[in-house]
Each structure stands twice: as C-alpha cells, then as structure tokens.
Amino acid sequence: MLTIDLEIDRRYQLSGDDFLSEYVNKSRPVVISGVIQNWDGFTKWSLPYFQSLAPELKIYAKHFNKGKIEIENFTFQEYADVLDKYEQGEQQTLPPYCHDLPLFSLIPELVKDVEPFVLEYLPKWYSYKWWRYCQFFIGPSRSLTPLHFDCLLTNNLFFQISGRKQFTLFLKEDAQYCYRYNWRWFKVDPEKPDLAQYPLYRNAKPIQVIVNPGDILYMPPGTLHHVRSWDKSISFNIDWHTQSSVLQGLAASAKGMPLKNIYYNFLLALGLIFKVPPQVIFKFYKTYLNYVS
Ligand SMILES: O=C(O)CCC(=O)C(=O)O
Ligand SMILES: [Fe+2]
C-alpha cells in the first residue's frame, strides 16, 4: 500500500483567538509548543514525586487485550517498581498502562504545577475547576492505546509532560475505512494493517505526529487516534465541548452512541448552551471520570 503521511501544523505559543479561528472552528488538528515549558510540573513531575504526595493512593492500570480491558491496582511506588524492572530489561512483558486517571482530583496539589493553564483555549464555562475534566496517562515505553475516537465526541487538548509519543491520527471522515466496533474502537492496526481483512483501509489517510515533551496536541471531535509511547511517559488531557460540538455529540445519539454517553453530553449541553453553572452539572457528570468504555 502506498501511504503518504500527511503532516499537521506546529505552532509556537498560539493565541486563544488564532487557536479558535484556525483550528477549532475548522476541525484541524495542531501541535502547540512553548506553553508547557513554563509550568513547574514540566520539570517536577515524576512517579517518585507523585508517590511523595500520595504514598497510600491506589491507582489503576489497564491491560488492553483484544477489545477487552483488564484492570490492576498499584500504589505509585509499586507501579514505579514495575516500570523500572521493565525499562531495565528485567521484565519482558509490557506492564499495564495507567490510563484515564483523574489525578488532579486525587492529588489537588498538582493543579498549581500547571499554571498558568491554557484557559484561553477553552470555553469560559470550563474556567471553574477546569482540572476536574482532565485525565492522566502514565506508562512505560511501548505502551499502546489502540485506535479509537473519544467517546463523547469532545475536543481534546493533550499535554505531553515527559517522554515521547507517536500518534497516528485520522480525520473523522476516515472512520468509514477503519472498521468500527463497540461505538468508539476500530479493528485496523495502523502499525501493521491487514489489508486482506480490512481492504477499505486502503482509502484512509494516516497522519503521523510525534508528540515531544512540552508539546500540546489538539484533536478535533471524532479524530481517530492510535497512540504508541516511545519512552516512559507522563501525559494528561482535557476533553471539552464547544456549543457546536456538544450539539453534534447529541446528534450522534442517532448513530449508535451509548445511552450513558448521551446522558453526559446532555449535561454538558445544559452547561454550555443553557448556562447551567458547572457547580451544578459536575455533581452529575463526575461519574464520567471513572467510566471505562
Ligand atoms: O496517550 C494515550 O495513550 C492515549 C491518549 C488518548 O487516547 C486521549 O487523550 O484521548
Ligand atoms: Fe482518546
């Protein structure tokens, strides 16, 4: 198969207005640099640092096993030991991936490490306790998140603190070529696509993006992504809607979106469109942060 890898823009310290007009409103992904480097967390964060703040905290890590997700629990110390063994070659099997962890809610002290946060990129509704919408990804080199889109069809700002990751992206139009199952997962493996089994994949246009420490990646709603870590890595994201994307999210109810997701999008629509304050919405929304889908 002939693949021509497309590229996306890389922008330095993009302003909120330009981000909105050139990327969000046009559904174009972008990598933004020059922002994270100013955060204390950029130099401070590591597993031992998290461990020192919350020695008793039990975190969960996931094994992605052919469409099934299995969960294992660790303290940060236990998880750091497993990762060290793997990185030093004492353990061959890939450790589970600490994936979708709402760490700012678990260790609120971490919030001040990412200030000033990029509130100019988000609708004002998120300014109040924005960190409650963030999820962390902490794992070894070679960790993989298989091809999927984010389940509420939100916008995603992804912050890479340490280690590098390779994202293979597809614009939402390419979903039809990637063999969807269970609402948001896709059968094609972009690292070794089986064209005999998945012939339509020939038409898909993968976009390869290396996300380096200090980069922010923006993915528009419905962007497919397959994420391979190159190094031991710490990242987090914030998933967020605009008025327009939440309406499109609700419209996707008719396209097989699970009922639970429709409920969360309905709550966000009440906030973003009908201006119900986040203090009220979050009480109902917060179970989303532990939702494995
Ligand atoms: O970093 C990863 O492995 C997955 C990230 C992801 O899927 C997301 O931010 O939605
Ligand atoms: Fe995702």
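The values are calculated or read from the model by the stated rules, or taken from the named source; none is laboratory data. Given the structure is predicted, the values throughout are model-derived calculations rather than measurements. Cβ placement follows ideal geometry from the backbone for every residue including glycine, while neighbour counts extend to all protein chains displayed. Protein only, heavy atoms only, side chains kept; ligands, DNA and RNA dropped before computing areas. Shrake-Rupley method; radii C 1.70, N 1.55, O 1.52, S 1.80 Å.
Annotations
- When only alpha carbons are used to place a centre, the stretch 208-269 and the stretch 185-204 end up 22 Å from one another.
- Near Leu110, once Lys and Arg are set to +1 and Asp and Glu to -1 for all other residues with Cβ below 12 Å from its Cβ, the sum equals -2.
- For the pair Ile273 and Trp183, label points projected 7 Å from Cα toward Cβ lie 1.9 nm apart.
- Over the chain, relative contact order from alpha-carbon pairs under 8 Å, at least 6 apart, %: 23 percent
- Per-residue SASA remark: Thr43, around 120 Å² accessible (1.4 Å probe; ligands, DNA and RNA not included).
- The aspartates and glutamates within cross-link reach of Lys66, meaning a Cα-to-Cα straight distance under 19 Å and a gap of 8 or more places when in the same chain, are Asp100, Asp150, Asp189, Glu191, Asp194.
- List Tyr218, Tyr49, ordered by accessible area with a 1.4 Å probe, largest first: Tyr49, Tyr218
- Other residues within the sphere of radius under 10 Å centred on the Cβ of Asp40, judged by their own Cβ, net out at 0 (K and R +1, D and E -1).
- Residue range of the chain that is longest and free of trypsin sites (Lys or Arg not before Pro) which are both DSSP loop and sparsely packed (at most 10 other C-beta within 10 Å): 67-274
- Binning all Cα-Cα separations of the stretch 56-100 at 10 Å, short to long from zero, yields these whole-percent fractions: 29, 52, 19, 0.
- Greater than 30 Å apart at Cα, pairs in Lys26/Lys255; Lys85/Lys205; Lys124/Lys205; Lys85/Lys129: Lys85/Lys205; Lys124/Lys205; Lys85/Lys129
- Accessible area (Å², 1.4 Å probe, nearest 10) - Phe74: 20 Å²
- Percent of C-alpha pairs per 5 Å bin, the stretch 1-88, short to long: 3, 10, 12, 12, 10, 12, 17, 16, 7, 1, 0
- Reference-scaled alpha-carbon Rg (2.2 N^0.38 Å with N residues) for the chain: 0.97
- Considering only beta bridges that DSSP places wholly inside the chain, some 90 percent are antiparallel.
- His63 contributes about 60 Å² of solvent-accessible surface, heavy atoms of the protein only, 1.4 Å probe.
- Net charge over other residues, Cβ less than 15 angstrom from the Cβ of Leu20 (K, R count +1; D, E count -1): -1
- Calculated FRET efficiency for the pair Lys129/Glu173, C-beta based, R₀ 51 Å, to 0.05: 0.90
- Applied to the stretch 83-93, the Karplus parametrisation 6.51 cos²θ - 1.76 cosθ + 1.60 on θ = phi - 60° returns per-residue 3J(HN,Hα) values of 5, 4, 4, 5, 5, 8, x, 7, 10, 8, 6 Hz, with x for Gly and Pro.
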